[in-house]
1. About the Cα centre of the chain, what is the dipole size in debye to 20, counting +1 per Lys and Arg Cβ and -1 per Asp and Glu Cβ, all else neutral?
2. Over all alpha-carbon pairs of the chain, lay out the pair-distance distribution in 10 Å bins, whole %, shortest bin first.
3. Take the chain, mark every one of the trypsin sites (Lys or Arg not before Pro) that falls in a DSSP loop and has at most 10 other Cβ within 10 Å, then report the longest stretch left between them, sites excluded.
4. Run the numbers on the chain and let me know its relative contact order in percent, using alpha-carbon pairs under 8 Å that are six or more apart.
5. Leaving out same-chain residues fewer than 8 places away, which lysines sit with a Cα under 27 Å from that of LYS114?
6. Residue separation times 0.36 nm, minus the C-alpha to C-alpha distance between MET1 and GLU97: what's the value?
7. Find how many whole Å separate the alpha carbon centroid of the stretch 66-101 from the alpha carbon centroid of the stretch 35-50.
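Readers should treat all values here as calculations from the given coordinates under stated rules, not as data from a laboratory. Predicted model only: the values in this text are computed from it and were never measured. Methodologically, a virtual Cβ is constructed for each residue, glycine included, from the backbone with ideal geometry; neighbour enumeration extends over all protein chains shown.
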Amino acid sequence: MHYVATKICRTSEIGINGNLFGGTMLSWLDEAGAAFAGYHCRAPAMVTLKMEEVLFRRPVKISHHVRIYARVIRVGTSSLTIEVEARRFDFDKELEELVCSTRIVYVKIDADGKAVPIEDRLRATMDQSLGDLMQRF
């Protein structure tokens, strides 16, 4: 997994149960995933097509730092499937605990909002990285 971003939970993002509002977490994951996908496709315009199930495993409270990580798990013609994780950082224990994870599909688009192919040279680089990853397992 590649580090993408850190978010700090603020008072304004807390729901009625005293935890980070789930919709805020989804927004953080989507934004980080889109930035990661755009970086890999060398494209500023990536749109979210699909977000898979998200299981919230641990609460996030005010002032918690949440680190977001991502990796490409599939390369399509004009899309990338990204696995995204949010991990709460515990400063006292100096460890990260998984808060939630999901897979998100992003599509590369042009100025008119139409899907466009990911360039072959970028696809080859991502396919090679995925192949290297699979050999480790």
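1. Numbers: 19 positive and 18 negative charges, 16 e Å.
Approximately 80 debye in magnitude.
2. 12, 39, 30, 16, 3
3. Numbers: sites that count: LYS93, LYS114, ARG136.
The segment 1-92 is the longest one with no such site.
4. Normalised by residue count, the contact order of the chain is 27 percent.
5. Candidates past the 8-residue exclusion: LYS50.
6. Additional length available on full extension: 33.1 nm.
7. For the stretch 35-50 versus the stretch 66-101, the Cα centre distance is 16 Å.
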